[in-house]
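To start, the structure itself, in structure tokens.
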């Protein structure tokens, strides 16, 4: 007997994506999130590789452009006490996204999918 119901625990990007995919596959999907509001409490840097972003959009469709706050290929971390700095260089562009807004957009999309 084929199971037709799916329960997803966690409304972050992974949980929202699984909810979207299983709904599109015809499963009755319920997404459970422990916090009262998607994206909160805020605890993520919001750094996403450009290839991960393209993969996300290939699964969800075009996401609002205002979710991307900045893009870069290197990042400077500085110790304000010592003045020492560390440069991180990336092989592809890294996007700084508004994680709270992104989580809310993905939860909304998951809800609209069923």
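Would a scan of region 79-93 turn up a residue that is modelled with pLDDT of 90 or more, loosely packed, with under 12 Cβ neighbours inside 10 Å and touching a helix residue (DSSP H, G or I) at 6+ places or on another chain (Cβ under 9 Å)?
Applying the first criterion (modelled with pLDDT of 90 or more) to region 79-93 yields 79-93.
Still in the list and also loosely packed, with under 12 Cβ neighbours inside 10 Å: 79-89, 91-92.
Those left that are additionally touching a helix residue (DSSP H, G or I) at 6+ places or on another chain (Cβ under 9 Å): 92.
Yes, region 79-93 contains at least one residue that is modelled with pLDDT of 90 or more, loosely packed, with under 12 Cβ neighbours inside 10 Å and touching a helix residue (DSSP H, G or I) at 6+ places or on another chain (Cβ under 9 Å).
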Exercise for review: For residue 110, indicate whether it is buried (at least 17 other Cβ atoms within 10 Å of the Cβ), under 14 Å from the mean Cα position of the chain (by Cα) and within 16 Å of residue 20 (Cβ to Cβ).
Suggested key: yes
Exercise for review: Could you tell me whether residue 33 is at pLDDT below 90 and under 19 Å from residue 108 (Cβ atoms)?
Suggested key: yes
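Take the residues in region 41-53 that are part of a loop (DSSP other than H, G, I, E, B) and farther than 19 Å from residue 18 by Cβ; name whichever of them is nearest to the chain's Cα centre (by Cα). Spell out how you get there, then give the answer.
Of region 41-53, the ones part of a loop (DSSP other than H, G, I, E, B) are 41-46.
Filter once more, so that each one left must be farther than 19 Å from residue 18 by Cβ: 41-43, 45-46.
Details: 41: 14, 42: 12, 43: 12, 45: 11, 46: 8 Å.
So the residue we want is 46.
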Check your understanding: Can you tell which of 56, 31, 17 is in contact with a strand residue (DSSP E or B) (Cβ under 9 Å, 6 or more places away or on another chain) and either assigned to a helix (DSSP H, G or I) or free of Cβ contacts under 8 Å to residues at least 40 places away in the same chain (or both)?
Key -> 56
Check your understanding: Which members of region 60-78 meet the condition of being touching a helix residue (DSSP H, G or I) at 6+ places or on another chain (Cβ under 7 Å) and surrounded by 12 or more Cβ atoms within 10 Å (Cβ to Cβ)?
Key -> 60, 63, 67
**Study point:** residue 17 vs. criteria surrounded by 13 or more Cβ atoms within 10 Å (Cβ to Cβ), within 17 Å of residue 113 (Cα to Cα) and over 11 Å from the mean Cα position of the chain (by Cα)
**Key:** no
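Would you check which residues across region 86-114 are farther than 16 Å from residue 42 by Cα and outside any helix (DSSP H, G or I) and list them?
To start, the set of residues in region 86-114 that are farther than 16 Å from residue 42 by Cα comprises 86-95, 108-114.
Those that are farther than 16 Å from residue 42 by Cα and outside any helix (DSSP H, G or I): 86, 87, 88, 89, 90, 91, 92, 93, 94, 95, 114.
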Practice item. Mind listing whichever residues of region 20-40 are exposed (fewer than 15 other Cβ atoms within 10 Å of the Cβ) and either within 18 Å of the chain's Cα centre (by Cα) or on the phi < 0 side of the Ramachandran plot (or both)? Key: 24, 25, 28, 30, 32, 34, 35, 36, 37, 40
Review point. Are there any pairs with C-beta distances below 7 angstrom linking a residue in region 60-85 that is part of a strand (DSSP E or B) to a residue that is at pLDDT below 95 and loosely packed, with under 10 Cβ neighbours inside 10 Å, with the two at least 6 apart or on different chains, and if so which?
Key: 85/76; 85/77
Point to revise | Among the residues listed as 54, 76, the single one being farther than 18 Å from residue 12 by Cα and at pLDDT 90 or above | key: 76
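The values are calculated or read from the model by the stated rules, or taken from the named source; none is laboratory data. In this text the structure is predicted, and so the values were computed from the model without any measurement. Neighbour counts run over all protein chains shown; Cβ positions are idealised from the backbone, glycine included.
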